[in-house]
Amino acid sequence: MEAKVNNYIIFKPGETVLYQNGSKFELGVVKRLGPQPNTYFVWYHTGDTTACTHARNLHKIVNSYAFDIKRKTLRDDEIEKFDEALFKLNLVIEDSKREEWDPYESLSLDTFLEFTKIIKERLIKAKELLEKGDSNEV
């Protein structure tokens, strides 16, 4: 039996919930109780901002034990952006190895490759720092 107050289900901090907004549904994670009765502050995105949501719009996910649901953080998004940038950079490097490649007449292939190598090293270092949680060092 679910715990209820005033006919509303009680949610715990850290609990993944389903928010119903008309015909749309969003996953969220409860951060804490809200300022009014039957309200909660809920994360719906990767940032630190929460939205105060009334319990009538929240639904308990009863089979969450069967799934690995994890809220992405802003740091996770930053790491994905670095991965994407590295992937694109590698494509450019591979493409530049073709003999007919000449992006600018004034920029030699050797200069371009050295430049992209430096960028790649810095992106890898920044990604490693983010993964360690040293976002102030990036």
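Values as computed for the structure displayed
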quantity: Test: residue in the range 65-75 that is touching a strand residue (DSSP E or B) at 6+ places or on another chain (Cβ under 9 Å) and not in a loop (DSSP other than H, G, I, E, B); calculated: no
quantity: Qualifying residue in the range 25-45 (condition: aromatic (Phe, Trp, Tyr), part of a strand (DSSP E or B), free of Cβ contacts under 8 Å to residues at least 24 places away in the same chain and under 14 Å from Glu15 (Cβ atoms)); calculated: yes
quantity: Among residues of the range 35-45, those that are surrounded by fewer than 15 Cβ atoms within 10 Å (Cβ to Cβ) and polar (S, T, N, Q), counted; calculated: 1
quantity: Scan of the range 14-28 for residues that are buried (at least 17 other Cβ atoms within 10 Å of the Cβ) and aliphatic (A, V, I, L, M), ordered by number; calculated: Val17
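Every number in this text was worked out from the coordinates using simple rules, so none of it is lab data. All values derive from a computational prediction rather than experimental measurement. No Cβ is skipped: glycine too gets one built from the backbone with ideal geometry, and neighbour counts run over all protein chains shown.
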